[in-house]
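I am attaching a structure below and will ask some questions about it afterwards.
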Amino acid sequence: MADKKKPNSADDRPQETDRQFLERYSIGTLMKDVLGKIVSNRPKDPITFLSDYFDSLEDQSNLVLKARNIIEMTHHSRPVFEMNVRQAYDIMLKQKVGKRLYGVNGTSYTDLIKTLCRDMPQPVTTKLLKKIECLDYEAITFDVFKSGVFTCCVLQDYVKLCEMLFNSLDFQSSGKVDKILSDVVNEQLKAALANTRTDARKIVEAGYNLGPDGLFYALERGMRSKSQLGGQTLEQFTIEICDAFLSKVKFNVY
Amino acid sequence: MGDRPLHCSIKNPILLTVEDQKNAFHSGCKVIDVTFPNVSSPETQTVPISFCERVGEICFKNYYTAYVSIRVKFKAAPENGAESGEIKWKTCVRRMRLMPSPHKESGSQDYFAISKKQFSFDISNISAMRIILQQPSPVWKEFRIEDLRLYRSSEMLSKPPPLPAWLTEDSANSTKHKLELQTKAKEKGIPNLESISSSLQELWGLSEEMAINQSKTEIGRYEVDGCYEVNLLAYT
């Protein structure tokens, strides 16, 4: 039975070169994109970055998630961050808002903010949204978008720092911090933030109050008062410290 | 100077001239009249009179005045039965030189403070003061004194305010001080003061950074076709 028809095999198709195979799935462009992103974003852990990137390629349908992934590619202090934000904004511009109307409106903006803040305690996110929210039907300009996104990214760093501070203050590693200490620390921070930025003397004073010397005296004073106010968990502590940050966030200008 | 300046009304300088139909010339002499808030003394007349208890210091900025003299008028002391006593003008500061050479620039725009030591007598209970400016040089078009202020007492006696804590900590960065502070902190039960302090400072830095980058553009919430239309707002 030499003439048995061979079953379907790859030989049915005309012999593809390797190059044509790669082109079929546009692997070339994909690789070029990834390499470009790695070079410009310079992540600390390229392998994780690569795997996150390929994971996120599956979320193509949700523009908000796509935008979020792009924004989180690099730290907000690097200049590439602004380019990423612009790219994210461009992606979200494709969102359909109404009949033949495309753009970024209040709903998608709020969604993006919420997903950027997914690791923070809920009360913090609510308070933040109260300050920077936009109504659902409003068109969001790039400036407002950028400022809101930047605030969220800085807040992400801030919340991580809060945790570090909590662990430093938790002297007995009990998982709770004395409310007195937390109050003292909060007060010092708020005093530093309340000072106007342009008054040089106040800035130096604030620096002293947050330095080891000023801090020691403040903590000592706090510890001398024997009142027992109980302990605070990490979440409560974070919420209170974030109040100081949020006080600096301006309401959206009309 | 912690003291606030005394209340007084300073009149505009009057140029003294010797008017003659044929010889009018620039005398180079101006007078500034200073009167004080009216105080009515209950025991004497009902007419309120300008009165000042004490002047300790006189400060001003010079503008091309060469010499300054100060004369004070004492409160009229009523004699028995008479309506008003003699009005005396006494010279308190006689021709004090402000500019070493009237034709030259030096001292022409300096700040001066005439203190009690330079007064011929203590100024107390005066009703008016006259400040006489003289500038003999014809080189200058205009001369006067600016920002004239009278103070009750010489400020040299009061202590300067204590320096803030951050200024006096001169050894804050020395390692010995740091070690001392750490041991003190450990005694109190604060094991890692440095890390708390640096975390707090980073938090401060982050908040300030965020505050600087806040957007100032408007969303245009109330914009209707580029203008703020009050009537349209009312319909919604």
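Treat each spin label as a single point 7 Å out from the Cα along the C-beta direction, and report the B:K104 to A:Q87 distance in nm.
7.2
What nm distance separates the two modelled labels at A:K190 and B:M96, each placed 7 Å from Cα along Cα→Cβ?
Here the answer is 5.1 nm between the modelled labels.
How large is the charge dipole for the stretch A:158-248, taken about the Cα centre, if only the Cβ atoms of Lys, Arg (+1) and Asp, Glu (-1) carry charge, to the nearest 20 debye?
Dipole magnitude for the stretch A:158-248 comes out near 180 debye.
Before anything else, pin down the relative contact order of chain A: Cα pairs under 8 Å, at least 6 apart, normalised by residue count, whole percent.
For chain A, the relative contact order is 16 percent.
So what does the Cα-only Debye profile of the stretch A:109-211 read at q = 0.15, 0.25 Å⁻¹, as log10 I(q)/I(0), no solvent term?
For the stretch A:109-211, the Cα-only Debye profile gives -0.84, -1.25.
Just need log10 I(q)/I(0) for chain A at q = 0.17 Å⁻¹, Debye formula, equal scatterers on the alpha-carbon atoms, no solvent, rounded to two decimals.
-1.30
Follow-up question, since we're still on this one. I need the calculated FRET efficiency for the pair A:S56 and A:A139, taking r as the beta carbon distance and R₀ as 30 Å, to the nearest 0.05.
Calculated value: 0.65.
Could you tell me the distance between the Cα centroids of the stretch A:62-97 and the stretch A:133-161, to the nearest Å?
Measuring centre to centre over Cα atoms gives 12 Å.
Next question, about the same structure. Which entries in the list B:K73/B:K116; A:K131/A:K176; A:K37/A:K131; A:K190/B:K178; A:K96/A:K248; A:K94/A:K160 go over 27 Å, if you measure between the two C-alpha atoms of each?
A:K131/A:K176; A:K37/A:K131; A:K96/A:K248; A:K94/A:K160
Another question, then. Take the Cα atoms of the stretch A:158-248, find their three principal axes, and give me the spread along each one in whole Å, biggest first.
Cα spread of the stretch A:158-248 along its principal axes, largest to smallest: 40, 28, 18 Å.
At what distance in nm do the modelled label points of B:E187 and A:I38 sit from each other, each positioned 7 Å from its Cα along Cα→Cβ?
In this crude label model, B:E187 to A:I38 measures out at 5.7 nm.
Separate question: Counting partner chain Cβ atoms within 10 Å of every residue's Cβ in A:203-213, what's the average?
Whole-number average of other-chain Cβ neighbours for A:203-213 is 6.
Let me ask something additional. About its Cα centre, what dipole magnitude does the stretch A:43-102 give when the only charges are +1 on Lys and Arg Cβ and -1 on Asp and Glu Cβ, stated in debye to the nearest 20?
For this selection, approximately 480 debye.
So, with +1 on the Cβ of K and R and -1 on the Cβ of D and E, and no other charges, what is the size of the charge dipole of chain A about its Cα centre, to the nearest 20 debye?
Approximately 520 debye in magnitude.
Between B:I49 and residues 5 or more places away or on another chain, which pairs have amide H atoms under 5 Å apart, with H built 1.01 Å from N, and which residues are they?
B:V39, B:S40, B:S41
Every number in this text was worked out from the coordinates using simple rules, so none of it is lab data. What you are looking at is a predicted structure, and each value in this text was computed from that prediction instead of being measured. Glycine gets a Cβ as well: all are built from the backbone with ideal geometry, and neighbour counts include every protein chain shown.
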